[in-house]
Structures are given as structure tokens and as C-alpha cells.
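Undergrad: Take this structure first; my questions come after.
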Amino acid sequence: MKKVLLVLVFAFLGLTVNAQTADELKADLASKKDSISKLQAKANAIQGKIDALPGWKKGAFGTIGASLSGFKNWFSRTYPTAEAGNIGITVNGFANLIEEDFFWRNSATINLGWVKLDQQGVSGDEGFDAATDVFTISSLYGKRLNKKWALSALGEYRTTIIDNFNDPGYLDFGAGLTWTPTSNLVVVMHPGNYNFVFSSGDTSFESSLGAKIVADYTNKYGGLSVKSNLSIFQSYKDGDLSNWSWTNSFGYTIWKGIGLGFELGLRGNQQEAANYQGVDLADADNKLQSYYLFGLSYAF
């Protein structure tokens with residue numbers, strides 16, 4: 001009986017010691033996590049000061065998406081032998097010179113995509129066809145009036161590069177004011193802007209004078225990189241000559257600059273709709289244009 005009691009006592013003491021040890025370890029772990037959070041906050045504050053220093057700031061990130069599939073003698077299909085593929089790549093880069101009395105912000109966006117569907121027994125192109133084709137480059141110069149406002153001039157060029165390069169192409173030149181409430185947000189308001197439109201042949205495209213509004217947001221939250229750009233041109237001559245585009249890019253880094261990425265683009269352009277549909281400008285059905293890409297992301 002005494003031996004049984006001794007065994008029970010030792011077992012109880014062992015459980016108590018283990019429980020105390022686990023509690024102590026959990027408390028120590030919580031303390032370490034709290035220290036890490038404080039150190040991360042200090043590191044972020046230091047990085048913010050570095051980012052605010054005058055000089056050039058450069059960077060780039062993008063997304064690569066691809067899917068390939070093939071069937072051979074798969075008799076449950078209407079066409080038993082087929083190959084399909086989808087490849088896309090985006091690049092978002094910037095080079096900004098930030099000084100106390102002026103700034104010069106430059107950015108470029110490229111989004112290219114190809115698709116392929118080759119079915120044995122169906123005639124047609126067996127290679128890859130261009131699906132997404134976007135190229136945009138812009139340069140913004142500003143002379144500061146104070147920390148948040150500046151007199152500015154903007155040049156922005158948009159076109160495709162795989163198919164129909166510069167047909168159409170859009171070149172905006174304008175001047176006005178730029179508002180920079182934070183280092184990550186830039187809002188351009190140019191009431192004097194000329195929208196040059198380049199095209200060949202008899203088309204619906206026409207250049208005009210108007211107002212330009214651009215809002216660009218770029219930031220990084222830990223491993224998440226975010227870039228959103230809204231570009232609007234409002235024609236003074238005719239509302240149907242106006243256009244807008246909005247692109248949103250997200251990249252989450254998992255390991256050494258590689259992770260997952262997603263990009264979504266939206267556009268409204270009455271002139272492009274009329275030219276594609278072969279109708280007068282006022283009669284065009286200006287449906288929302290869009291594209292998206294999901295895949296591996298990279299940052300450097």
C-alpha cells in the first residue's frame with residue numbers, strides 16, 4: 001500500500017513539474033515574441049527614415065503565370081488529341097529621385113500574355129497568340145511649393161508592343177499640380193493636358209485637349225508589395241474622346257523575393273470600342289475592358 005502511495009505521489013509531482021515547465025516555457029515564448037515585435041517596430045521606423053532620405057529610390061516586382069496541358073487519344077473528348085497553354089508575365093518598375101525642393105518620378109508597367117489551343121482535326125493557328133498586351137511608361141516632375149504640394153509636368157505613353165505597336169498609341173503631356181500627402185501616394189491634377197492619339201488608316205481615334213488625373217499608390221506591408229494606378233483623361237472637346245485605366249498589382253514574398261502575385265486591370269475607352277466594332281464613335285458599345293493574372297511573383 002505504501003509503495004502504491006509513493007508511486008502516486010511521485011506521479012503527481014512529475015505532472016506538476018511538467019505543467020510548471022510548460023507554463024514557464026509559454027511565458028518565455030510570449031516574452032520573446034513581444035521582444036521581436038518591438039524590434040520589428042524599431043526596424044520599420046528606421047526603414048521609414050531611410051526611405052524618406054533624399055536621393056534615388058528604385059525597385060521592381062511582377063508576376064509570372066503559366067499553365068500547360070495536353071491530351072492524346074483521350075476519347076471522352078470531342079477532339080481526343082489537343083494541347084493548350086496560357087503564359088503571362090507582368091513587370092512593375094520605378095526609379096524616383098526625391099529631393100527637398102523637387103521630385104522626379106518615373107515608372108513603367110509591362111503586361112504580356114499568350115494563349116494556345118491546338119486541337120487535332122480543327123484547322124487554325126497552332127502557335128501561341130497574344131492575349132494580354134499592355135505597355136505604359138510615365139515621367140512626372142514636380143517643383144515643390146511645400147511638403148505636400150508641387151507645380152508639376154507629366155508625360156505618359158501607353159500602347160501595345162506585341163500586336164499593333166503604336167496603333168493606337170496614347171501620349172499625354174500636361175501641367176498643373178501634384179499632391180503628395182504621404183510618401184506612398186501621389187495624386188496628379190493637370191487641367192491643361194493634350195492627349196495625342198496615334199493610329200493608322202481611317203479610324204475613330206482623335207487627339208484632343210482635356211484634363212488629366214492620376215492617382216498612384218505604392219507600398220509594402222511586410223512581405224506584401226502593393227501598387228495601384230488610376231489614370232483618367234477627360235476631354236474638353238467630346239466626352240467620347242475620354243479614357244481611363246486602373247491597374248492593381250499585388251505580390252507576396254515567401255522566400256528570397258519569390259512568392260505569389262495577382263494583377264487586375266480595368267479600362268474604359270470609347271474610341272477603342274468604336275474602332276473595334278466598326279461604328280461611329282457615339283454608337284459604340286463601350287463595355288468594360290479587363291484582364292487578370294495570377295501566378296508566381298518576384299521582387300528585386
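Just so it is clear, none of the values below were taken in a lab; they were calculated from the coordinates. From a predicted model like this one, the values you see are computed outputs, not experimental measurements. A quick note on method: Cβ atoms are made from the backbone with ideal geometry, for glycine too, and the neighbour counts reach across all protein chains shown.
Undergrad: Whole percent per 10 Å bin, from 0 to the bin with the longest distance: what is P(r) over all C-alpha pairs of the range 93-167?
TA: Values per bin, smallest distances first: 17, 29, 21, 16, 9, 6, 2.
Undergrad: In addition: According to the square roots a ≥ b ≥ c of the eigenvalues of the Cα gyration tensor, what is the shape class of the range 56-299, taking rounded for a/c under 1.5, prolate for a/b larger than b/c otherwise, and oblate for the remainder?
TA: It comes out oblate by the Cα gyration axes.
Undergrad: Sort L264, L29 so the one with the fewest other Cβ atoms within 10 Å of its own Cβ comes first.
TA: The fewest-first ordering by Cβ neighbours comes to L29, L264.
Undergrad: Can you give me the long-range amide H partners of T160? Hydrogens built in the peptide plane at 1.01 Å from N, cutoff under 5 Å, separation of 5 or more residues or another chain.
TA: N166, D167
Undergrad: Follow-up. Give the order of E272, E156, E99 when sorted by the count of other beta carbons within 10 angstrom, beginning with the fewest.
TA: The most exposed by this proxy come first: E99, E272, E156.
Undergrad: Against the 2.2 N^0.38 Å scaling, with N counting residues, where does the range 180-271 land? I'd like the Cα-based Rg ratio to two decimal places.
TA: 1.39
Undergrad: State the extension gain, in nm to one decimal, for the chain segment bounded by I162 and V279, taking 0.36 nm per residue of separation less the distance between their alpha-carbons.
TA: Full extension from I162 to V279 adds 39.6 nm.
Undergrad: Considering only Cα-Cα distances, which of the following residue pairs are longer than 29 Å: K143/K212; K147/K227; K148/K287; K147/K237; K212/K287?
TA: K148/K287; K147/K237
Undergrad: Something else: I need the shape label for the range 98-222. Rule: rounded when a/c is under 1.5, else prolate if a/b > b/c, else oblate, with a, b, c from the alpha carbon gyration tensor.
TA: It is oblate, given that a/c is not under 1.5 and a/b is not larger than b/c.
Undergrad: To the nearest 20 debye, what charge dipole does the range 56-299 have about its Cα centre, counting +1 at the Cβ of each Lys and Arg and -1 at the Cβ of each Asp and Glu?
TA: The dipole magnitude comes to about 1340 debye.
Undergrad: By how many nm would the segment from A60 to W74 grow when fully extended, if each residue of separation counts as 0.36 nm and the alpha-carbon distance is taken off?
TA: 0.7 nm
Undergrad: Hey, if you put +1 on the Cβ of every Lys and Arg and -1 on every Asp and Glu Cβ in the range 145-292, which of F233, Y276, I258 ends up farthest toward the positive end of that dipole?
TA: Going by the Cα projections, it comes out as I258.
Undergrad: Rank the residues K220, K237, K26 as a footprinting-exposure proxy: fewest other Cβ atoms within 10 Å of their Cβ go first.
TA: K26, K237, K220
Undergrad: In whole Hz, what ³J(HN,Hα) sequence does the range 255-269 give by Karplus (6.51, -1.76, 1.60; θ = phi - 60°), x for Gly and Pro?
TA: Here the 3J(HN,Hα) series is 8, 6, x, 9, x, 10, x, 9, 9, 10, x, 10, 8, x, 8 Hz.
Undergrad: Sorted by packing (mean other beta-carbon atoms within 10 Å per residue), highest first, where do 176-184, 242-250 land?
TA: 242-250, 176-184
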